[in-house]
Amino acid sequence: MLRNIDQEVDYRVIKWMLRNMEKEGLLLPEEIKAIWTELIETYDPPTRSLEEVTETILGDGNG
């Protein structure tokens, strides 16, 4: 159980970093989608199955 909590925290921190990089204009939409796709593939459900990977993280409401 603890491992899943650690993974959730790691995922949310990485996603927050990507969101801030997006806000600052440091990543192109295709870069965001590629990074996010690769990131989500390292996780097991439910994280993998609940996320809708798009070309933007801004305003997605998922943490």
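Would you mind getting the Kirkwood hydrodynamic radius of the stretch 12-59 from its Cα pairs, rounded to one decimal in Å? Taking the inverse mean of 1/r over all distinct Cα pairs, the stretch 12-59 comes out at 10.8 Å. A straight chain from Trp16 to Thr37 at 0.36 nm per residue would run longer than the Cα-Cα distance by 6.1 nm.
Read-outs: derived from the displayed coordinates by stated rules, not from any lab. A quick note: this is a predicted structure, and the numbers were derived from the prediction, not measured.
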